[in-house]
1. Select from region 40-95 the residues that are in a loop (DSSP other than H, G, I, E, B) and among the charged types (D, E, K, R) and list them in ascending order.
2. Would you say Ser150 is at pLDDT 95 or above, surrounded by 12 or more Cβ atoms within 10 Å (Cβ to Cβ), not β-branched (Val, Ile, Thr) and not in a strand (DSSP E or B)?
3. For region 177-190, check the following and say yes or no: at least one residue is modelled with pLDDT of 85 or more and over 28 Å from Arg111 (Cα atoms).
4. Out of region 85-131, which residues are under 19 Å from the mean Cα position of the chain (by Cα) and of a type in the set (S, T, N, Q)?
5. Filter region 94-124 down to the residues that are among the β-branched types (Val, Ile, Thr) and open to solvent by 20 Å² or more (accessible area, probe 1.4 Å), then identify the one that is nearest to Val42 (Cα to Cα).
6. Which numbered condition in (1) surrounded by 14 or more Cβ atoms within 10 Å (Cβ to Cβ); (2) of a type in the set (A, V, I, L, M); (3) out of contact with any strand residue (DSSP E or B) (no Cβ under 6 Å at 6 or more places or on another chain); (4) modelled with pLDDT of 95 or more is the only one that Val17 fails?
7. Could you grab me the full set of residues in region 125-144 that are open to solvent by less than 80 Å² (accessible area, probe 1.4 Å) and either touching a Cys at 6+ places or on another chain (Cβ under 6 Å) or farther than 16 Å from Leu173 by Cα (or both)?
8. Name the residues in region 75-93 that are in contact (Cβ under 8 Å) with a residue 40 or more places away in the chain and either buried (at least 20 other Cβ atoms within 10 Å of the Cβ) or farther than 29 Å from Tyr203 by Cα (or both), would you?
Amino acid sequence: MLTLNDTISYAARGINVERLNAVLENAGQSVMDVGCGNGAYVLKLADQYKIFGVDMQRFESWNVMPDLFSISDASELQFKDNSFDTVLSFETLEHLPEPKKALKEYYRICRKNLILTVPNCDITSGMRQSLMTYYHWIDRTHINFFDMSSITEVVKEAGFKITKSYYINQISLLPLVTEAFNLSGLIGKSLQKILLKRQRHKYYITCLVIAEK
């Protein structure tokens, strides 16, 4: 169950450029945003798409365009079969008790495709040895933990065909490196640039999947 602090966090979330681009490049004309939170994507895209958003609770920001939102359980969507060209599901499945049931609902109500993201929970050997992990592993609202392999598998189990899957939201190691080596001043900044240029492994916090019905 979400606490007041969690609610405030979700209410403050804005548009992620990489998610937005995925919508603009792949969505059909009618769109359902499941787990829309504060409705940022619905409000952003309302002049370009026939779009609607649902979430488990109401957000004050919905009052801007209240007809575009409703409260609904992602696992029991109150819409007819094939109601929308595209279903969006951004950072939602990790919170649900029955993510596979929700994916079946996504499949049922969409005509064309699904665009979803979940936190990337793939821990590298270097992270394990350093006893480090992504923040979303300790988010108390998360009850499911996916990597790219597991999220694409459950999407396929729901009946979808994967068309694209890739990582987004690369993390910067600069704050950690700066802190670990106390890289301040001109010399510190020079060392930062050298280290970042020599970085060979990239770390991403989000899995993005696009699938067709």
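The values are calculated or read from the model by the stated rules, or taken from the named source; none is laboratory data. None of the values given here were measured: they were computed from a predicted structure. Don't worry about glycine lacking a Cβ; one is built from the backbone with ideal geometry, like all the others, and counts go over all protein chains shown. Heads up: the accessible areas ignore ligands, DNA and RNA and are worked out on the full protein's heavy atoms, side chains in. Shrake-Rupley method; radii C 1.70, N 1.55, O 1.52, S 1.80 Å.
1. Within region 40-95, Asp47, Arg58, Asp73, Glu76, Lys80, Asp81, Glu91 meet the criteria.
2. Considered against the rule, which asks whether it is at pLDDT 95 or above, surrounded by 12 or more Cβ atoms within 10 Å (Cβ to Cβ), not β-branched (Val, Ile, Thr) and not in a strand (DSSP E or B), Ser150 comes out as yes.
3. no
4. Residues satisfying the conditions are Thr86, Ser89, Thr92, Asn113, Thr117, Asn120.
5. Ile123
6. Status for Val17: all satisfied but (1).
7. Result: Ser125, His136, Asp139, Thr141, His142, Asn144.
8. Matches in region 75-93: Leu77, Phe79, Ser83, Phe84, Asp85, Thr86, Val87, Leu88, Ser89, Phe90, Thr92, Leu93.
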